[in-house]
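Worksheet: the structure to be examined is printed underneath.
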Amino acid sequence: MKKYLSFIFLLFIPFIVNAEVKIKEAVLVDNTEGLEVEKNPHYEGLQLDIDMKLAEVGEFAKYKLTIENDTNKDYEIDMGEAFSDKEYIKYEFSFVGEDNSVLKASESKDIYVTVSYNKEVPETEFKDGVYNDDNVMTINLSNEEQQVNPSTNTGYIILAISVLLVISLVVTLISKHKLDKVMVLIIAAAIIVPISIFALEKITIKIQAKIQIVYAPSQMCIEEYDAATSGDPVLRSKKEYPFNKGSIWSEFIASDYNTSGIGEYERGQGMVTLSPTNVCGLVLTYNERPVMLTDKIVNKKQGCYKFYWDVC
């Protein structure tokens, strides 16, 4: 009996080897400076969990996933895009360099996953200053030659049950009938069962994202330069001011955020100045042109406004 059981165990070793496709590593490789995000996100099997907190449109985090294929099958990676319903957050998938979309047997492949704040969340959708944008994306890996189960776990469960049933049947027959011929027939039948019936046609990498968008007034910056001296203008100060997202300069001037007396330049109608009654003007500039009351205010991340103090 022990001889038969040992032989049966050796026979089924190829079936119970845990050959699978899985995430081997997930690391943060790039992100907006100061972004609150995990450097080493949690992953298990074929699922990656992403948690981050965003505040400004354009903020992003970029991850590198290393996918390992321990099976003897090649898989085609389907890089389909998935967006949240309101498209505030954008998810992009790409390969490293000019790498192709085939994950070869017994090899690994790197995939980039970039999550970015793509579209401004309306102020009315924030609750207690926070908007939660949770989402689930999938990357599909398929092998068109196989026609089998859609789930790795399901395949393993079926395999384990099948092995146990066959072993139980063999042991029962040998114990009751002591028929070596029966043993030979069952073993032969097990050998000719195609191993590929346990292979998977499609497996899915699941990315579960929990994104928190925090509402806060935007910040702009204003640099003041002394241009009265010879040579290049000298930076005197750099100040930051909060403002309502999407507002124009005339709205800012009339708001409580305007604490420095910024107003309309009397000698240049429609222009913004630091000192409206000063004959020198001190007109605010951005990208070397005067700022107008109707201009939309830009965030400090896009650059600073400038004032030049000069001799009248």
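Read-outs: derived from the displayed coordinates by stated rules, not from any lab. On a predicted model such as this, the values are computed, not experimentally measured, just so you know. So basically every Cβ, Gly included, is an ideal-geometry build from the backbone, and we count neighbours across all protein chains shown.
Tabulated results
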quantity	calculated
Anisotropy class of the stretch 218-309 from Cα gyration tensor, a/c 1.5 cut	oblate
The stretch 218-309, relative contact order in percent, only Cα pairs under 8 angstrom and at least six apart counted	34
Across Lys90/Lys301; Lys39/Lys300; Lys206/Lys300, pairs whose alpha-carbon gap is larger than 27 Å	Lys206/Lys300
Two-site FRET efficiency, Ala227 against Asn40, from Cβ-Cβ distance with R₀ of 41 Å, rounded to 0.05	0.25
Net length gained if the chain between Val130 and Asn100 were fully extended (0.36 nm per residue, minus Cα distance)	6.9 nm
Distant-in-sequence amide H partners of Lys73 (H built 1.01 Å from N, under 5 Å)	Ser106
Set of aspartates and glutamates near Lys62 by C-alpha distance (under 16 Å), chain-local residues within fewer than 8 positions excluded	Glu25, Asp30, Glu33, Glu36, Glu38, Asp49, Asp51, Glu81, Glu92, Asp110
